[in-house]
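What follows is a set of notes on a single structure, which appears directly below.
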Amino acid sequence: MLTRREFIRTAALFALAPHIFAEPEIWVNDVHSQLNHTRVRDLLRPRTSDELAEIVHSASRKGLPISVSGCRHSMGGQQFATDSICIDTRSLDRVISFDQERGLIEAEAGIQWSKLIRTYLHAQADKAKQWGIAQKQTGADTFTLGGSLSSNVHGRGLAMKPLISNIESFTLINADRKSIRCSRDENNELFRLATGGYGLFGLIDSVTLRLVPRQKLRREVEIIRADDLPKRFEERIAQKFLYGDF
Ligand SMILES: Cc1cc2nc3c(=O)[nH]c(=O)nc-3n(C[C@H](O)[C@H](O)[C@H](O)COP(=O)(O)OP(=O)(O)OC[C@H]3O[C@@H](n4cnc5c(N)ncnc54)[C@H](O)[C@@H]3O)c2cc1C
């Protein structure tokens, strides 16, 4: 119980400096452009898919908007929304299973490429024939699998389709806390919408990637005129070069 003097002092302080009593504001931004400074209502870091489902369900019950982010590299600000519950998925970073017969690896959506690659290399260290990813973004490794799938990213495969071509399936959590498996055969429409859907169709919880046989590459570098670039790409594709960049 406050004394009269304490009460008056507190009331005066509240009138003069209300910010002292306010909850500190939470601001987020993307890593590279820093053009997406956004105030969010809360910033939550679920560690399990049950926690993720609970956050989604609770926000949905209260009618609160949700935003979901991975490593925050997208520069269009798609991973944030003003006054939303912002879910940072980076603690959901476990490899769930690795089928070495079929080359399928399932991991939680917040895993980053470097951890995924380290894990499957370690698991196959004694094997003559190994599996590896077909493609990922260039320029950085700190991208999450969920962020990559949601942006349907491309790598430097000269004739490769974007990442969707390497996705076997994924699980997505909807507002009813339901985990929905999506693949070309199951919930196909959601599979097509959420891949490249920038988080608008639910929260990706885990992703199963199709790996390809690992192979040694030889790098060839040449200096050519910029005008000749499109023709050179066509020639390299015809010569069956797998990757290319300029
Ligand atoms: C240096 C650099 C190099 C790049 N190179 C390439 C490249 O070579 N090819 C290319 O295609 N792109 C490239 N990009 C773009 C980058 O690949 C994408 O922005 C990618 O989505 C970033 O992943 P992230 O983990 O940072 O996701 P974030 O930026 O955090 O999120 C990206 C989108 O995915 C959504 N999302 C994230 N996690 C989930 C989830 N679990 N469930 C549902 N939705 C989710 C977010 O809401 C947001 O809409 C590059 C970007 C940078 C900064």
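The values are calculated or read from the model by the stated rules, or taken from the named source; none is laboratory data. These numbers were taken from a predicted model, which means no experiment stands behind them. Cβ placement follows ideal geometry from the backbone for every residue including glycine, while neighbour counts extend to all protein chains displayed. Each accessible area value is taken on the protein alone, full model and side chains, heavy atoms only, with ligands, DNA and RNA left out. Shrake-Rupley method; radii C 1.70, N 1.55, O 1.52, S 1.80 Å.
So the values come out like this:
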quantity	calculated
Counted charge near residue 116, where neighbours are those whose Cβ lies closer than 15 Å (Asp, Glu -1; Lys, Arg +1)	+1
The stretch 4-90, relative contact order in percent, only Cα pairs under 8 angstrom and at least six apart counted	32
Value of [θ]222 nm, deg cm²/dmol, for the chain, DSSP H segments ≥ 4, -39500 (n - 2.57) each, nearest 500	-7500 deg cm²/dmol
Stretchable slack from residue 216 to residue 141, in nm (0.36 nm times residue separation minus alpha-carbon distance)	25.0 nm
Local net charge near residue 232, Cβ-Cβ under 13 Å (Lys/Arg +1, Asp/Glu -1)	-4
Vicinal HN-Hα couplings computed from phi for the stretch 184-192 (Karplus, 6.51 cos²θ - 1.76 cosθ + 1.60; Hz; Gly/Pro x)	5, 9, 10, 6, 4, 5, 5, 4, 6
Rg over Rh [alpha-carbon atoms, Kirkwood Rh] for the chain	1.12
Largest-first principal axis extents of the Cα set of the stretch 4-90 (Å)	51, 33, 22
Peptides ranked, highest mean first, by Cβ atoms within 10 Å: ranges 196-208, 228-240, 155-167	196-208, 155-167, 228-240
For the stretch 119-199, the spread of Cα positions along each principal axis, largest first, Å	44, 27, 25
Restricting the stretch 23-92 to GluC sites (Glu not before Pro) in coil, as DSSP defines it, with at most 13 other Cβ within 10 Å	25
Carbon + sulfur, % of accessible area of the chain - ligands and nucleic acids excluded, 1.4 Å	53
Cut-off 12 Å between beta-carbons: net charge of the residues surrounding residue 65, Lys and Arg +1, Asp and Glu -1	0
Highest-first arrangement of 80-89, 93-102, where packing means the average Cβ count within 10 Å	80-89, 93-102
In Hz, Karplus ³J(HN,Hα) per residue of the stretch 138-155 (6.51, -1.76, 1.60; θ = phi - 60°; x = Gly, Pro)	9, x, 6, 10, 7, 10, 8, 5, x, x, 5, 5, 5, 9, 6, 6, 10, x
